[in-house]
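Working notes, beginning with the structure itself.
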Amino acid sequence: MNEPLVLANGICRSFPNGRNASLPALIDIDCHVDAGDRAALVGVSGSGKTTLLHILGGLDAPTSGSISWPALGARDELLLGKVAFVFQAPSLFPALTVVQNVALPLLLMDKQVDATARAREILAKFELLDLSEKLPEELSGGQAQRVAMARALVTGARLILADEPTGQLDSSTATNLLDLVLDIIDDTDTALVIATHDETVAARLNRRWSIDAGQLRNDAKPARKSA
Ligand SMILES: Nc1ncnc2c1ncn2[C@@H]1O[C@H](COP(=O)(O)OP(=O)(O)OP(=O)(O)O)[C@@H](O)[C@H]1O
Ligand SMILES: [Mg+2]
């Protein structure tokens, strides 16, 4: 269960910040994500959580340092099934219905599956089936977040990177969502990394990273199996 999915060594990410200046958003980060990890990434706004998640999933590249995906392949092979994102910003396609949004990753993977049936199955688990034919603009922020989470789980990706996936949910809905996600990936070696401000979410996961002004700390936390 400890196969490394992501290995990052000494990664830095700077963004241009005016003429001849650059803002160091990530500073000399060493980290790894192993198969089966359930990790929380906590830190205040602007500390670098989104930047790090994007790099771990290959959407962005570090300015220096190295990153590899030993069990997943090269960076350009990660999307379409191996890594799934729940983005912090709304990311459902506005012209597609809920069920079409959830089916889309399966269609893009060109798998010989009934994408609509699979999408409806996962929406049912999330108790979102009655929203299937709605457009994203007809959803509340929290409903859209739950649909985005369902979409991330539909392909059985080995690494799920979720950026504040409960940010718009009340605490009991957030707890239920996390219970469901942990239940769906229980007994799989799917790794889950959640960036969150919510300590009750972080407390449910067995690894905890905290990030402060771009510097990552691995907080000691006894390894335990999720409930
Ligand atoms: N594309 C970009 N161009 C310039 N600066 C950026 C860019 N993306 C992020 N930054 C800067 O990098 C730093 C880290 O941003 P990041 O979005 O990773 O923080 P965060 O921890 O996810 O914050 P939040 O909790 O508000 O989502 C911030 O100072 C931000 O302004
Ligand atoms: Mg963020």
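The values are calculated or read from the model by the stated rules, or taken from the named source; none is laboratory data. Just so we're clear, the structure is a prediction, and the values are computed from it rather than from any experiment. Neighbour counts are summed over all protein chains in view; Cβ atoms, including those assigned to glycine, are modelled from backbone coordinates with ideal geometry. Heads up: the accessible areas ignore ligands, DNA and RNA and are worked out on the full protein's heavy atoms, side chains in. Shrake-Rupley method; radii C 1.70, N 1.55, O 1.52, S 1.80 Å.
A few notes on this one:
- If you look at the Cα atoms of the chain, you get an Rg and a Dmax of 17.3, 53 Å.
- Using every pair of separate Cα atoms, the Kirkwood estimate puts the hydrodynamic radius of region 1-112 at 15.9 angstrom.
- Region 49-162, accessible surface, carbon-and-sulfur percent (1.4 angstrom probe): 53 percent
- Viscosity 1.567 mPa s, 4 °C: Kirkwood-radius Stokes-Einstein D of region 58-112 over Cα pairs, µm²/s: 97 µm²/s
- The value for region 28-77 of Rg(Cα) / (2.2 N^0.38 Å) is 1.19.
- Percentage relative contact order, the chain, counting C-alpha pairs under 8 Å, at least six apart: 28 percent
- Inter-label distance for residue 133 and residue 2, nm, one decimal - labels placed 7 Å from Cα along Cα-to-Cβ: 5.3 nm
- At the residue level, residue 42 shows approximately 10 square angstrom of accessible surface with a 1.4 angstrom probe and all protein chains present.
- Using C-alpha pairs under 8 Å with a sequence gap of at least 6, the mean separation divided by the residue count of region 66-134 gives a relative contact order of 28 percent.
- Values of log10 I(q)/I(0) for region 72-159 across q = 0.16 Å⁻¹ run -0.57, by the Debye formula with one identical scatterer at each alpha carbon and no solvent.
- Efficiency of FRET between residue 108 and residue 60 - r from beta-carbon atoms, R0 22 angstrom, step 0.05: 0.60
- The chain - share of DSSP beta bridges that are antiparallel (%, nearest 5): 50 percent
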